Number of protein chains: 2
Amino acid sequence: MVRAIELAIDNVRRGHGGPFGAVVVKDGEAIAEGANSVTATNDPTAHAEIIAIRQACAKLSRFELRGCELYSSSEPCPMCLGAIYWARPTRIYFASTAADAARAGFDDSLIYNEIARPHSERKIPMIQMMSDEALEAFRAWERQPNKVPY
Amino acid sequence: MVRAIELAIDNVRRGHGGPFGAVVVKDGEAIAEGANSVTATNDPTAHAEIIAIRQACAKLSRFELRGCELYSSSEPCPMCLGAIYWARPTRIYFASTAADAARAGFDDSLIYNEIARPHSERKIPMIQMMSDEALEAFRAWERQPNKVPY
């Protein structure tokens, strides 16, 4: 966690992005790290946790992080939590809370609220179309051997 | 949406990944697209929507998608919804539902449920530590000029 917090502080001092850092640890060793790079790289998904998860998976040549721990300098946002649940690390350590982040201008409570709502009530309109045609993709999937649903 | 569904079907036929495709449209023109590449690239974040959002932002050289529409062959998962809310496209079109995807083995209801829970009750344990030390990152942020909180 010392390293995750250091990444967050250095990221701000370098003017690279928001005050967030993350580290993935396996068997007591840091195998990947990330710092918020949204504005520097024009990538809205470049949160510290996403970068660290992608880097750790690339290093391990697998798409899951079972047996790994994620250290984040701040409580993960819903996007990062979603990524965490797909990656399935064993445990998450975090330091500051979402409320601390919100006080600094990084308020993700809207996103938590929106995800919890039915899609018909969300602020970004979600419109369904071509639902029958889309089922063909699942039929193609069902016909595949060795399916790995990720 | 025709293209998003085609991407999903082609992705399965090529054995590249799950049956999901997405397209970002700006001013009536498709500017980015993606298909699920989690298993092929060992990247748990490589959902169709995430790939299309990252590609669209790179193309536009900005970290938001205001004025753009996202077409997804299937209802976005919580990770992708989080990314969508950070990227802020104007509108989302989707074809098959989360329930359709679940029937094909892609069940993200656990993730929706987990994100809605307090962190102390989540299945992946979340442990807070070094909360005081982490606030230094926000203090460094507050001292920065020209802050863009993303």
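The values are calculated or read from the model by the stated rules, or taken from the named source; none is laboratory data. Small disclaimer: the values here were computed from a predicted structure and weren't measured. Neighbour counts run over all protein chains shown; Cβ positions are idealised from the backbone, glycine included. With ligands, DNA and RNA removed, areas are computed over all heavy atoms of the protein, side chains included. Shrake-Rupley method; radii C 1.70, N 1.55, O 1.52, S 1.80 Å.
Scanning the range B:76-92 for residues that are in contact (Cβ under 8 Å) with a residue 12 or more places away in the chain, in contact with a helix residue (DSSP H, G or I) (Cβ under 7 Å, 6 or more places away or on another chain) and farther than 12 Å from residue B:47 by Cβ turns up B:86, B:87, B:92.
Residue-level check: of (1) open to solvent by 30 Å² or more (accessible area, probe 1.4 Å); (2) in a loop (DSSP other than H, G, I, E, B), residue B:76 misses just (1). For residue A:66, the conditions (1) more than 7 Å from chain B (Cβ to nearest Cβ); (2) open to solvent by less than 10 Å² (accessible area, probe 1.4 Å); (3) under 27 Å from residue B:112 (Cα atoms) all hold with the exception of (2).
The single condition among (1) touching a strand residue (DSSP E or B) at 6+ places or on another chain (Cβ under 8 Å); (2) more than 7 Å from every other protein chain (Cβ to nearest Cβ) that residue B:99 does not meet is (1).
For the range A:93-138, enumerate the residues that are touching a helix residue (DSSP H, G or I) at 6+ places or on another chain (Cβ under 6 Å), under 28 Å from residue A:36 (Cβ atoms) and not charged (D, E, K, R). Answer for the range A:93-138, where residues must be touching a helix residue (DSSP H, G or I) at 6+ places or on another chain (Cβ under 6 Å), under 28 Å from residue A:36 (Cβ atoms) and not charged (D, E, K, R): A:95, A:96, A:104, A:111, A:112, A:115, A:116, A:126.
Only residues that are open to solvent by 70 Å² or more (accessible area, probe 1.4 Å), in a loop (DSSP other than H, G, I, E, B) and within 22 Å of residue B:45 (Cβ to Cβ) were counted in the range B:93-150, giving 3. Residue pairs whose Cβ atoms lie under 7 Å apart, separated by 6 or more positions or on different chains, with the first residue in the range B:133-144 and under 9 Å from residue A:8 (Cα atoms) and at pLDDT below 95 and the second of a type in the set (D, E, K, R) and open to solvent by 50 Å² or more (accessible area, probe 1.4 Å), do not occur. The set of residues from the range A:16-48 being touching a residue at least 12 places away in the same chain (Cβ under 8 Å), part of a loop (DSSP other than H, G, I, E, B) and surrounded by fewer than 17 Cβ atoms within 10 Å (Cβ to Cβ) comprises A:16, A:27. Against the conditions (1) under 18 Å from residue A:113 (Cα atoms); (2) part of a strand (DSSP E or B), residue B:82 satisfies every one except (2).
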